[in-house]
Amino acid sequence: MDYIRLRGLGVSPGIDIGEVHLTEKVVFTSRKETISSQQVKEELQRLKNAIGRTNDQLVLIKEEIRKKIGEEHSFIFEAHLLILKDKSLLSSLEKIIKEEKSRAEWAISRVHDKYQELFESISDEYFRQRKFDISDVLSRIYSNLKPIELKKRDDNSEKILVAHDLLPSEAAVRLSKGNVLAVALDMGGQTSHTAILARSLNIPAVMGLRNITQRVKNRDILIVDGTDGEVIINPPLAIRKEFASKKEKYDDYQQELKKTARLRSSTLDEVVFSPLANIELPEEVNLAFSLGAEGIGLFRSEFIYFQSTSLPTEEDHFLIYSRIAKEAYPSPVYIRTVDVGGEKNLPQLKIEKEPNPALGLRAIRFSLRDRELFKIQLRAILRASSLKNVRILFPMITELEEVKEVKLLFQEVKGELEAKRIKFDENIPLGVMIEVPAAAAISDILVKEVDYLSIGTNDLIQYYLAVDRSNELVSYLFKPLHPSVLRLIKFIIQNAQKEGKEVTVCGEMAADPLSAIVLLGFGLRKFSMNPIFIPRIKNVLRSVEYKTVKGIVQKAMALKTAQEIEEYIIEKILVKHPKAFLMGQIT
Ligand code: PEP
Ligand code: MG
């Protein structure tokens, strides 16, 4: 039998093999069926009934999902219920039925196209993905226009789910059943609900395969390799064997990592460190803790702006922050105020086009210009702080004046809440991100003004080495181990230590094993990173002795280039702590 290999986007790691289960997709009509004026009332009632049925289904599914896979995954249905209640959506559907004298199916199809077009024009990937929520709700209404059919009996055997796309509610319902071995989709991206859900349920998934639905049929055999983003249709025995052994290795490795999550975060000589998680969505909190996070070291709050075409309200902010704070409690949650502008420009913020956005109106600069928006966010963070595990971080600080201004504004907001007798944590700690070289150079001054520093090495290295962090052409120059970068980071850590203040590294550097060893040697104890890297870093740091690392790093600082430093540390650590290398952690 011929077999086919397809490349896609590995969005959830792991490997599985099984029979294909192709899902059917709701296809909106492209034919306008007209009705008479007398039938309009009846048609509007038909639409209303379908919406009512959709509402009942969503409420039921939400409850079922909450019970089966947890509160955090039932939230999308809350979002869907809100979409369903959206007056403008309903009135545009009714308007088409009335004005065009058409069937409700046609109205849904038209409204669907309009929304898809609107969302498609948005450049941000995460934001664009939200079009699927609208699609999801409209598809459900569309299906509910049909008379209720007797349900076919569900086939509960384990299968590989293949679909053109999975709407968020469909993904939650199907993936929570426990009989999906893996997922392969024509469409989809890293930040889709399905990807997030697959990752948190540990289901391998490959997306963006373009036309897999046309290449397979039910009962074909499929290998899905979510780690490498590959799918193989009807593999011969030799390839099946190869992947079965790869799967075994991967599963064993996962077991090892999971074990790591439950172990103490301390070096061989009992120096305690904290792995923390950088997250962008509330849905990631549980995954982070299951991988061993001891807190949320960075919540990139700007992602709230990507979830709607309009500006988020104080309530929108508040719901998200309090949900994260509750789920992480009693562990700390560092909420970073919005870092918009720069690459993360959004149409609703109306930021002028800038010739050099990376050096422009970004992060705290934007917040201090648009103070009303900033105050909305500060109020929401404060309101969510009543459990006393919320902390604040201000991004892209350049000078002392900004810190003073931010603190004044913060006092003002606190005063407003007090006047309204709204509860919050009066001693909520404040910190700044050190991402601009100028802030690093005056970190001894800045640290006196705040409770902690958080070093954002992604930007700090970009600005210090003048290397665009997302430009492939110069990525060879982006070197965390460049002696200049290490001197600067050491200086910042020492400044925090002198004042007895906390310091965290929250850039990608913290997730790189070799860099993490160097940072440990500098005295760093808080490492915040993408949750999936936590077990790896925890393993590495647990297998070294702080005292030894400190000595090695001290000597390395006398070397002249990143390469010399890298080679020296690898050589010395390999001799002293070969276990740090054992699981292929350091390469
Ligand atoms: C950083 O710059 O290192 C950082 C953590 O912030 P972001 O990646 O969101 O810019
Ligand atoms: Mg940054």
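Return yes when Leu387 is under 24 Å from Ser528 (Cα atoms) and open to solvent by 10 Å² or more (accessible area, probe 1.4 Å) and no when it is not. So Leu387 fits the description; yes. Highlighted here are the helices (runs of 4 or more DSSP H) found entirely within segment 368-457 that include at least 3 residues which are within 15 Å of ligand 1 (Cβ to nearest atom): 437-441. Report yes if Arg542 is in contact with a strand residue (DSSP E or B) (Cβ under 8 Å, 6 or more places away or on another chain) and more than 16 Å from ligand 2 (Cβ to nearest atom), otherwise no. It is true that Arg542 is in contact with a strand residue (DSSP E or B) (Cβ under 8 Å, 6 or more places away or on another chain) and more than 16 Å from ligand 2 (Cβ to nearest atom).
Taking the condition of being surrounded by fewer than 19 Cβ atoms within 10 Å (Cβ to Cβ), more than 16 Å from ligand 2 (Cβ to nearest atom) and touching a residue at least 12 places away in the same chain (Cβ under 8 Å), how many residues in segment 448-476 meet it? Residues that pass the stated criteria total 3.
Considering only residues that are touching an Asp or Glu at 6+ places or on another chain (Cβ under 7 Å) and within 30 Å of Pro535 (Cβ to Cβ), which ones fall in segment 471-495? Pro480, Leu481, listed by residue number. Might you check whether a residue that is more than 16 Å from ligand 2 (Cβ to nearest atom), surrounded by fewer than 18 Cβ atoms within 10 Å (Cβ to Cβ) and part of a helix (DSSP H, G or I) occurs anywhere in segment 508-517? Among the residues of segment 508-517, not one is more than 16 Å from ligand 2 (Cβ to nearest atom), surrounded by fewer than 18 Cβ atoms within 10 Å (Cβ to Cβ) and part of a helix (DSSP H, G or I), which makes the answer no. Applying the set (1) more than 16 Å from ligand 2 (Cβ to nearest atom); (2) open to solvent by less than 50 Å² (accessible area, probe 1.4 Å) to Lys479 leaves exactly one unmet item: (2).
For segment 414-439, the candidate set comprises residues that are small (Gly, Ala, Ser) and buried (at least 22 other Cβ atoms within 10 Å of the Cβ); within that set, the residue that is nearest to ligand 2 (Cβ to nearest atom) is Ala439.
The values are calculated or read from the model by the stated rules, or taken from the named source; none is laboratory data. Treat the numbers as computed from the prediction; the structure is a model and nothing was measured. With ideal geometry, Cβ positions are generated from the backbone for all residues, glycine too; neighbour counts draw on all protein chains shown. SASA here: full protein model, heavy atoms, side chains in, ligands and nucleic acids out. Shrake-Rupley method; radii C 1.70, N 1.55, O 1.52, S 1.80 Å.
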